[in-house]
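Contents: one structure, followed by commentary.
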Amino acid sequence: MAKILAILCSGRKKGYTAGLLSEAINGAKEVSNSIEVDLLQLHDYKFSPCTSCFHCIRDADHNCILDDDFGKNGKGKLFQKVENANGWIIADPVYMWGPSSQCHLFFERCYPFVWSGKLEGMPMVSISCATNQGMHRLAYAEICKWAFAISLRYIDGLAVHASYYQDALKEAKHLGRKLAEFALSDEKDGRKKFANDEEKYIYYMDKPWNAFIPYMDNLSHGSFGWQLSMMETALRRGIFKREDAVDLLKKSVEEFKEAVKYYNLNDYQNATKYLVRASSYWTHATWKEFLEEQAIKSAPPSVYRPLPKDEK
Ligand SMILES: Cc1cc2nc3c(=O)[nH]c(=O)nc-3n(C[C@H](O)[C@H](O)[C@H](O)COP(=O)(O)O)c2cc1C
C-alpha cells in the first residue's frame, strides 16, 4: 500500500481548508485501491518549537530528543508518520499574508530529516486557502520554499481564494489524483532522490518558489554582482579567522564570480551550476567558522550541501 499523509494545519476541522483537503483525499483514493490515506490534524498533536540543541545533527540516526510527538528519539507519533509516508498533501489556511504558524512549526520540526536525508525526493503537494484579503500566492510559494529546504519533490500546489471555492474543489481533487500517482511510484519503484543539489535547484526552477533569484540575492547583498559579494566583503574585512574556513570562502568567491558572469549572459543553466557550487563552499565555510566548535560540535553530515566533487 502507498501511504499518503493528508496534513491539515487549520484548527477548523470542517472549514474551507479542510473541505479542499477532503476533495484531494477523494481524488487520491479514486486512483487505486492500493492508496491508504492517513488524515493528520496537526492541532490534535503536541509539538513545540525547535530549541536548537542540534542533537539531531550529532546523533547517528538523526533523531529528535524533545519529549513531544515530533521527538522522543524517533518514537514520536508524528515523526514516525512523516518518515513512513510515500507522499504528503499539506492543506493550510492563509494567516497574516503567509502560511499558518502551525504549518511553519511542522516544517521546522522536520529539521532532523535534513541530516538523515530520509525525506529527500518524497512527493508532496500543497493547498493554501485564503478567505479575506488573500495573499494565498505568497503563502503557497513559502510552503514550496520549505519543501525545497527539506528536499521534498514538490509536485504541484493550489493557491486558493474562497471566492472561487467551487472551482478550487475540482482542482483539489485533481491535485489529489496527481499526488497519488507519484505516491504509488514512490512505493513501487522506490524514492526518486535528486542526483545532486544542482538537479534539485533546476527541478524547482518552474515551481512556485525557485531558489535561484533568492540565493543570488543572498550571496550578492542584493546587488546581483554590482557590488562585492557577501563572501568577498567578509574576506576583505578579515571576519573569518579559521584557515580552513577562509580557504572555503575564497573558493566561494571564485565560483560566485562565474555565476554572476553567466547570469549577466542570461545563461541560467550555467549560472545555477556555479551558484550551487558557490553556495556549497559558503555553507561549509560558515559552518566551520561559526557553528562547528561554538554550537554544533560536529562536522556536517555527508548528505548536507556536499562540496563540489573536484574539491581537493
Ligand atoms: C490569524 C489569522 C490571520 C489571517 N490572515 C489572513 C490573510 O492574510 N489573508 C486572508 O485572506 N485571510 C486571512 N485569514 C482568514 C483565513 O485565511 C481563513 O480563516 C482561512 O483561510 C479559512 O480556512 P479555515 O476554514 O480552515 O479556517 C486569517 C485568519 C486568521 C485566524
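The values are calculated or read from the model by the stated rules, or taken from the named source; none is laboratory data. From a predicted model like this one, the values you see are computed outputs, not experimental measurements. Glycine also receives a Cβ, built like all others from the backbone with ideal geometry; neighbour counts cover every protein chain displayed. To get the accessible areas, we keep the full protein, side chains included, count just its heavy atoms, and leave off ligands, DNA and RNA. Shrake-Rupley method; radii C 1.70, N 1.55, O 1.52, S 1.80 Å.
Details
- The stretch 112-134: number of residues that are buried (at least 19 other Cβ atoms within 10 Å of the Cβ) and within 16 Å of the ligand (Cβ to nearest atom): 5
- Within the stretch 135-147, one or more residues are at pLDDT 95 or above, basic (Lys, Arg) and more than 18 Å from Glu120 (Cα to Cα).
- Listed by first and then second residue, the pairs with beta-carbon distance under 6 Å, at least 6 apart or on different chains, first residue in the stretch 5-34 and farther than 19 Å from Pro123 by Cα, second open to solvent by 40 Å² or more (accessible area, probe 1.4 Å) and assigned to a helix (DSSP H, G or I), are Gly11/His43.
- Residue pairs meeting the criteria (Cβ under 6 Å; at least 6 apart or on separate chains; first part of a helix (DSSP H, G or I), in the stretch 287-308; second of a type in the set (Lys, Arg)): Lys288/Arg242; Glu289/Arg242
- Test: residue in the stretch 165-181 that is touching a His at 6+ places or on another chain (Cβ under 9 Å) and either under 19 Å from Ala91 (Cα atoms) or buried (at least 16 other Cβ atoms within 10 Å of the Cβ) (or both): yes
- Residue in the stretch 143-151 that is touching a strand residue (DSSP E or B) at 6+ places or on another chain (Cβ under 6 Å), aromatic (Phe, Trp, Tyr) and in the same structural domain as Asn33 (by TED's automatic domain parsing) present: no
- Residue within the stretch 64-81 that is within 16 Å of the ligand (Cβ to nearest atom) and touching a His at 6+ places or on another chain (Cβ under 8 Å) present: no
- Subset of the stretch 135-156 (residues that are open to solvent by less than 10 Å² (accessible area, probe 1.4 Å) and either closer than 15 Å to Asp206 by Cβ or not β-branched (Val, Ile, Thr) (or both)): Ala139, Cys144, Ala147, Leu152, Tyr154
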